[in-house]
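One structure is given below, encoded as structure tokens.
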Amino acid sequence: MSTTWHVLGAGSLGMLWATRLARAGLPVRLVLRNEQRLQAYQAAGGLTLVEQGQARHYPVPGQTADAPEPIKRLLLACKAYDAEAAVASVAHRLSADSELILLQNGLGSQDAVANRVPLARCISASSTEGAFRDGDWRVVFAGHGYTWLGDPAHPVAPVWLDDLTAAGIPHEWTADILTRLWRKLALNCAINPLTVLHHCKNGGLQAHHCEVATLCAELTDLLERCGQPMAAEDLQPEVERVIQATAANYSSMYQDVANGRRTEISYLLGHACKVAERHRLALPHLEQVRQRLIAHLHNLGLPGD
Ligand code: NAD
Ligand code: KPL
């Protein structure tokens, strides 16, 4: 019998994973924030996945964190700033043979989660898939991509990767998940805050080439200093390539700010600056961008963390 996938967080990625796993005939349960959300979900009767313009309905069963059955496999699909509290809400249902898959972008939340549930196995993920919500309990699959998974503490791949294959979720197990997470963090730090501060699409940063190059130089120093030389390799050319390839897009942070949503700044730029301080490495431009961004968020009435 297949192990049940508990998906905590009925947001964009949570719904994208839950619907594809359910479509493959795998047992899935959606863990919702409270009884009120559960009732609203039950009234809707399930999730809708919109793929290539086609909407399909999946009646994935829902429950709250207080449901009685143990959780053996948990996909944590909330934002980085909610991860620790979210896992705490189901900690009483986890045990030494539970496995958690952490979908959060950036760094910092994974350690916070692992410290909360030291017995469970925590697997980190870094995804380039894209999805957004276009209504309650509805997700649009917006960009095909890849999800890298890895466990910095144990290099052995889990057997349930077969479930992802069956569900058509493109993935790869990697022993170097920290390199991937740091590389993505560096890309996001070099691009996302500047798109917010200059109020532009990613391509607009081509007009701020020197500023981008300065941030890349500091990020490269940081990655080398904190033992991530592979994540540092040719960072600037890759940042420039991503800016060009995604020129017509707004960065995820830009979209969060434009929609009045809290950003994940503390797990991106905030994490980079904190680690630099720990290594006594001065990164004046990154620190200045962080402070400008926080001031900008406060001016908009958004949290600066
Ligand atoms: P989202 O805001 O759409 O969804 C998060 C969901 O988690 C929300 O529905 C929220 O209510 C729920 N949640 C938070 N705390 C909860 C709790 N205690 N109990 C139950 N539910 C709770 O976020 P998302 O876009 O799916 O992003 C999730 C993570 O994946 C982020 O770190 C993001 O950066 C990363 N990511 C997203 C995408 C994407 O395309 N959306 C792509 C790559 C990476
Ligand atoms: O991941 C991104 C984001 O917008 O969050 C890109 C497109 C790489 C820009 O940093």
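Say R0 is 41 Å: what FRET efficiency, to the nearest 0.05, do residue 299 and residue 165 get from their beta-carbon distance? Don't jump to the answer; show the numbers that get you there.
Values: r = 47 Å, r/R0 = 1.14.
Computed FRET efficiency for residue 299 and residue 165 comes out at 0.30.
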Query - Helix 209-225 axis, angle to the chain major axis (alpha carbon atoms, nearest 10°) - result: 70 degrees
Requested in this report: Take the alpha carbon gyration tensor of the range 5-175, find the square roots of its eigenvalues, order them as a ≥ b ≥ c, and report rounded if a/c is under 1.5; if not, report prolate when a/b exceeds b/c, else oblate.
Outcome: oblate
Query raised in the report: Given H placed 1.01 Å from N in the peptide plane, which residues other than close sequence neighbours of residue 249 have an amide H under 5 Å from its amide H?
Result: 202, 203
Query raised in the report: Hey, what number do you get for the chain at 222 nm if only DSSP H runs of n ≥ 4 count, each worth -39500 (n - 2.57), divided across all residues, to the nearest 500?
Result: -13000 deg cm²/dmol
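Over 17 Å, how big is the tail of the calculated P(r) for the range 179-299, in percent of all Cα pairs?
Distances greater than 17 Å cover 51 percent of the Cα pairs.
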Query raised in the report: Once label points are set 7 Å from the Cα along Cα→Cβ at both residue 172 and residue 156, what is their separation, rounded to one decimal in nm?
Result: 2.4 nm
Requested in this report: Between residue 199 and residue 64, with labels modelled 7 Å along Cα→Cβ, what's the label distance in nm to one decimal, could you check?
Outcome: 4.3 nm
Query - Degrees between helix 235-245 axis and first principal axis of the chain (Cα, 0 to 90, nearest 10) - result: 70 degrees
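Mind jotting down a quarter of the surface of the convex hull over the alpha carbons of the range 138-181, in square nanometres, one decimal?
On the way: hull surface 15.9 nm².
Seen from a random direction, the Cα hull of the range 138-181 projects 4.0 nm² on average.
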Query raised in the report: What is the set of long-range amide H partners of residue 122 at a cut-off below 5 Å, with H atoms built 1.01 Å from backbone N?
Result: 100
Query raised in the report: With each pseudo-label sitting 7 Å past Cα toward Cβ, what's the residue 119-residue 261 distance in nm, one decimal?
Result: 3.5 nm
Requested in this report: Identify which of 134, 82, 111 has the largest mean-square fluctuation in a Gaussian network model of the chain, with springs joining Cα atoms closer than 10 Å.
Outcome: 134
Report summary line: Shape descriptors of the chain over alpha-carbon atoms, Rg and Dmax in angstrom, are 19.4, 57
Report task. Answer with one residue from 198, 21, 271: the one whose Cα lies farthest towards the positive end of the charge dipole of the chain, charges on Cβ with Lys, Arg +1 and Asp, Glu -1. Result -> 21
Report task. Quick one: which residues, 5+ away or cross-chain, put their amide H under 5 Å from the amide H of residue 32? H built at 1.01 Å from N. Result -> 63, 64, 65
Report task. For the range 116-123, just list the computed ³J(HN,Hα) in residue order, Karplus coefficients 6.51, -1.76 and 1.60, θ = phi - 60°, integers in Hz, with x standing in for Gly and Pro. Result -> 5, 10, x, 7, 7, 8, 10, 10
Report summary line: A chain fully extended from residue 97 to residue 37 at 0.36 nm per residue, minus the present Cα-Cα distance, gains in nm 18.7 nm
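No value in this document is a laboratory result; all are computed from the given coordinates. Just so you know, these numbers come straight off a predicted model, no measurement behind them. Heads up, the Cβs are rebuilt from the backbone with ideal geometry, glycines too, and the neighbour counts pull from every protein chain shown.
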